[in-house]
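One structure below.
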Amino acid sequence: MDFTQWKSADTPQALLLSAPHGHGTMEYCSHIIGRAKEKASRTNGSVLYFFCSSATDSRWLAILIHTLLRQIVCSSDGKANTIAAAFLNALVYGHFQRSQDFGEDDSLEVTVQKVLSAPDNELIKALAEAIKHSGIQELSITLDGLQENIAYSLFQLIREATPMSELLFTAQHPLGEIPPGVTYIEYDKERKGLHARHSPA
């Protein structure tokens, strides 16, 4: 696949690539991560990345979110407490919206575990809040091997949190609905010379 026309030096971009496992997405993502790190070293930008194939646990999304959160904290300039507070506040708010099952006799460990065991959509919203509070202006995020519903939610919320972000997500299954402002390429259609699908911002 030739994606040389996708990224330009000055224009924020969002690309979603759908391709079967083993068709080079990991290698391509690794290449983009390397280029993003080179750019970030010159512009004080931040690079976040995750390969879903590395998470074998059933709670793979929680591992993804916690990994990205750690990368955000490491990229921030002394804002670790602010970022962590924004993330946890969003989870606590979501928890109380669902239920108020904190027990008076719950230990601190049990209480924290209840908060962190949030549904997927709340984990993604909490990550977006953390990104907003990080103050990061130029952000490059590369995620390989996402599930369809997760890819859509992440695209929407991260673009809202950092409009100047550059996003590359890959998924193994074609998406029925394309998030706004995304260039979407399906491997088999691209291979047959069909045009990429674009969704207006």
Can you give me the number of residues within the range 50-61 that are touching a residue at least 60 places away in the same chain (Cβ under 8 Å) and either surrounded by 14 or more Cβ atoms within 10 Å (Cβ to Cβ) or aromatic (Phe, Trp, Tyr) (or both)? 4
Look through the range 62-86, keep the residues that are in contact with a Leu (Cβ under 6 Å, 6 or more places away or on another chain) and buried (at least 18 other Cβ atoms within 10 Å of the Cβ), and return whichever of them is nearest to VAL115 (Cα to Cα). ILE65
Restricting the search to the range 125-141, which residues are closer than 16 Å to VAL115 by Cα and among the hydrophobic types (A, V, I, L, M, F, W, C)? ALA126, LEU127, ALA130
What is the number of the single condition among (1) out of contact with any Lys or Arg (no Cβ under 7 Å at 6 or more places or on another chain); (2) surrounded by 12 or more Cβ atoms within 10 Å (Cβ to Cβ) that ALA90 does not meet? (1)
Just name the residue that is modelled with the lowest pLDDT out of those in the range 96-116 that are surrounded by 13 or more Cβ atoms within 10 Å (Cβ to Cβ) and in contact with a helix residue (DSSP H, G or I) (Cβ under 8 Å, 6 or more places away or on another chain). PHE102
Selected residue (criterion: nearest to LYS125 (Cα to Cα)) from residues of the range 154-183 that are hydroxyl-bearing (Ser, Thr, Tyr) and buried (at least 20 other Cβ atoms within 10 Å of the Cβ): THR162
Going by the structure shown, is ILE33 under 23 Å from ALA171 (Cβ atoms) and touching a Ser or Thr at 6+ places or on another chain (Cβ under 7 Å)? yes
Could you grab me the full set of residues in the range 71-87 that are modelled with pLDDT of 90 or more and more than 16 Å from CYS52 (Cα to Cα)? ILE72, VAL73, CYS74, LYS79, ALA80, ASN81, THR82, ILE83, ALA84, ALA85, ALA86, PHE87
GLU138 under 22 Å from THR183 (Cβ atoms) and at pLDDT below 85: yes
Mind checking which residues of the range 39-61 are charged (D, E, K, R) and under 18 Å from LEU167 (Cβ atoms)? LYS39
Given the criterion in a helix (DSSP H, G or I), basic (Lys, Arg) and farther than 30 Å from THR25 by Cβ, identify the matching residue among LYS125, LYS132, LYS114. LYS114
In this structure, is PHE169 modelled with pLDDT of 85 or more, part of a helix (DSSP H, G or I), closer than 21 Å to ILE63 by Cα and aromatic (Phe, Trp, Tyr)? no
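The values are calculated or read from the model by the stated rules, or taken from the named source; none is laboratory data. What you are looking at is a predicted structure, and each value in this text was computed from that prediction instead of being measured. Note that we place each Cβ from the backbone using ideal geometry, even for glycine, and neighbour counts take in every protein chain shown.
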